[in-house]
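Below is one structure, written out as structure tokens, with a few remarks after it.
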Amino acid sequence: MCLAIPAQVSEILPAEGNLALVDILGVRRKVNVDLLQDDPPLVGDWVLIHVGFAMSKISAEQAEETLQMLSSLGEASSARDEADGYQFAEDD
């Protein structure tokens, strides 16, 4: 299943191109933020992530609702597994 997963921006990494370090259900990964050039994310913002790209910014409330829904559907571990496979990821 393909998921768009809420992640909170932990750090912007300008020296590495358009990458940001995000926290996805406790997994920290680098993701590409090129698609958000019109409204770049800031540290603390929530974004929806799909295959290593931040697709859009969302509110903290939307992130919480989505994470609760994933958990109640038993999909939280699938979301975590998907985050583990992102191409922009590096072990921290």
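Scanning the stretch 51-75 for residues that are hydroxyl-bearing (Ser, Thr, Tyr) and outside any helix (DSSP H, G or I), we see that the one that is surrounded by the fewest Cβ atoms within 10 Å (Cβ to Cβ) is Ser59.
Taking the criterion of being at pLDDT below 95 and of a type in the set (Asp, Glu), the residues of the stretch 40-73 that qualify are Glu64, Glu65.
The residues of the stretch 6-27 that are part of a strand (DSSP E or B), more than 21 Å from Gln62 (Cβ to Cβ) and among the charged types (D, E, K, R) amount to a single one, Glu11.
The values are calculated or read from the model by the stated rules, or taken from the named source; none is laboratory data. Every value quoted in this text rests on a predicted model; they were computed, and no experiment measured them. Note that each Cβ is placed from the backbone with ideal geometry, even for glycine, and that neighbours are counted across all protein chains shown.
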